[in-house]
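Each remark here refers to the structure printed beneath this line.
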Amino acid sequence: QVQLVESGGGLVQAGGSLRLSCAASGRTFSSYAMGWFRQAPGKEREFVAAISRSAINTYYVGSVKGRFTISRDNAKNTVYLQMNSLKPEDTAVYYCAAANTVSGGRYYVRLSEYDYWGQGTQVTVSS
């Protein structure tokens, strides 16, 4: 079992930046692939970004490519999401998730691949 706690959300103006953090419990953080998802009011939860166990591979939804960067520090049991050039449409609750195993790159976007979820952190971008 692993517990995930997100932090770093808040209210920012369009064009601003935020860095989200997700702290994980346990000794085996490096064995998990990690992902970020978001859910806006009235919409389903969607994939945002993911990073492999070794951090060699990263994946992003097209709408955030070039603006968001996912990274991890296995020594600190933490995964990050650096969000730049924020837009009002980025407003959502952002969730951190951990996967024991992922079948391949195409599967990082699937919610069902992830075994553990954080409580979420609110990101609001004003126009």
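The phi torsions of region 16-24, fed into the Karplus equation with coefficients 6.51, -1.76 and 1.60 and a -60° offset, translate into couplings of x, 9, 9, 10, 8, 10, 9, 9, 10 Hz, rounded to whole numbers, with Gly and Pro shown as x. Summing Lys and Arg as +1 and Asp and Glu as -1 over all other residues whose Cβ lies under 11 Å from the Cβ of residue 90 gives a net charge of +2.
Listed values for region 78-85 are Karplus-derived 3J(HN,Hα) couplings in whole Hz (6.51 cos²θ - 1.76 cosθ + 1.60, θ = phi - 60°), namely 9, 10, 10, 10, 7, 10, 10, 6, and x replaces Gly and Pro. Let me make sure I get this right: for region 47-122, a, b and c are the square roots of the gyration tensor eigenvalues over alpha carbons, sorted descending. Under 1.5 in a/c it's rounded, otherwise prolate if a/b > b/c, else oblate. Which is it? Note, shape of region 47-122 comes out rounded. Legend: calculated FRET efficiency, residue 54 to residue 5, from the Cβ-Cβ distance at R0 = 22 Å, rounded to 0.05, equals 0.40. Annotation for residue 107 and residue 82: the two label points, set 7 Å from Cα along the Cα-Cβ direction, are 3.0 nm apart.
Taking a straight Cα-Cα cut-off under 19 Å and skipping sequence neighbours fewer than 8 places away in the same chain, the aspartates and glutamates within cross-link reach of residue 87 are 44, 46. Simple spin-label estimate for residue 126 and residue 45 gives 2.9 nm between the two label positions (7 Å along the Cα-to-Cβ direction from each Cα).
Stretch residue 27-residue 14 to full length: gain in nm at 0.36 nm per residue minus the Cα-Cα span?
Taking residue 27 through residue 14 to full extension adds about 0.9 nm, to one decimal.
Loop-located GluC sites (Glu not before Pro) across region 24-127 with a Cβ neighbour count of 12 or fewer within 10 Å are 44, with loop assigned by DSSP. The coefficient of translational diffusion for region 6-73, derived via Stokes-Einstein from the alpha carbon Kirkwood radius under 10 °C and 1.306 mPa s, stands at 118 µm²/s.
Can you give the alpha-carbon Rg of the chain over 2.2 N^0.38 Å, where N counts its residues?
The chain yields a ratio of 0.97.
Read the figures in this text as sums done on the coordinates, not as results from a lab. Since we're looking at a predicted model, the values are computed, not measured. Note: ideal-geometry Cβ built from the backbone for every residue, glycine included; neighbour counts use all protein chains shown.
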